[in-house]
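The values are calculated or read from the model by the stated rules, or taken from the named source; none is laboratory data. Everything quoted here is computed from the prediction, not taken from an experiment. Using ideal geometry, Cβ is built from the backbone for each residue, glycine included, and neighbour counts are taken over all protein chains shown.
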2 protein chains.
Amino acid sequence: MKNRLKVLRAERNWTQMDLARALDVSRQTVNAIETGKFDPSLPLAFKAARVFGLAIEQIFDDEQG
Amino acid sequence: MKNRLKVLRAERNWTQMDLARALDVSRQTVNAIETGKFDPSLPLAFKAARVFGLAIEQIFDDEQG
DNA sequence: CTCTCATGTCAAGTACGCTTTACTTTTAAC
DNA sequence: GTTAAAAGTAAAGCGTACTTGACATGAGAG
């Protein structure tokens, strides 16, 4: 599962820590998701969508799973 | 996390088993998600969206998590 | 060069997503 | 009221999402 978190962060000049606080998760969780170590839970994906004002599909790419 | 799986199934006259096969998970998993025991993973939510031809947000409702 | 901040990564622990097997309850047909 | 399919539920087990704490690297500022 690919995602655009790093780009969306960069557009806003946010650190991983900033995003972690916005999503209410740890910095390591943001890092792990950005670097593809694991997929976020559905509730966390919804939170990210809310934070960035986008649809889940506009942030995460299931690349035919 | 609420969802419209039961309704979408009913519209198609699908059993939980039918949906389970379409999603490639067990019938118990479909049942547990429908009855709110737990949320699907993000990849499974994407699969459901593909199966029903809808956006994730049109199937699952995060009710302000 | 040193200090700091952002990022990456590892380890151990907790909780949840999903499995299989199996049993009970509901629904509908006859 | 018996039968059968559909739905609900439970327990044990495995993998993963996420945590805290810690340490290593790279880049920019002084």
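Points worth noting:
- Taking every residue in the stretch A:41-65 that is farther than 13 Å from residue B:40 by Cβ and at pLDDT below 95 and pairing it with any residue that is of a type outside the set (A, V, I, L, M, F, W, C) and part of a helix (DSSP H, G or I), at least 6 positions away or on another chain, the pairs with Cβ-Cβ distances below 9 Å are A:64/B:50.
- Qualifying residue in the stretch A:8-26 (condition: in a helix (DSSP H, G or I) and under 18 Å from residue B:1 (Cα atoms)): yes
- Residues that are facing chain A (nearest Cβ under 10 Å), among the aliphatic types (A, V, I, L, M) and crowded, with 18+ Cβ neighbours inside 10 Å, drawn from the stretch B:49-65: B:49, B:56
Rundown of residues vs (1) over 17 Å from residue A:62 (Cβ atoms); (2) over 9 Å from the mean Cα position of the chain (by Cα), yes/no style:
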residue: A:12; (1), (2): yes, yes
residue: A:22; (1), (2): yes, yes
residue: A:30; (1), (2): yes, no
residue: A:36; (1), (2): no, yes
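- Taking the criterion of being within 11 Å of residue A:56 (Cβ to Cβ), small (Gly, Ala, Ser) and either out of contact with any helix residue (DSSP H, G or I) (no Cβ under 9 Å at 6 or more places or on another chain) or more than 10 Å from DNA strand C (Cβ to nearest atom) (or both), the residues of the stretch B:40-65 that qualify are B:49, B:55.
- Pick from the stretch B:28-39, criterion part of a helix (DSSP H, G or I) and either within 7 Å of DNA strand C (Cβ to nearest atom) or within 14 Å of chain A (Cβ to nearest Cβ) (or both), ranking: surrounded by the most Cβ atoms within 10 Å (Cβ to Cβ): B:33
- All positions within the stretch A:6-34 that are aliphatic (A, V, I, L, M) and over 15 Å from residue A:45 (Cα atoms): A:7, A:10, A:17
- Considering residues of the stretch B:11-27 that are buried (at least 17 other Cβ atoms within 10 Å of the Cβ) and free of Cβ contacts under 8 Å to residues at least 24 places away in the same chain only, the residue farthest from residue A:38 (Cα to Cα): B:14
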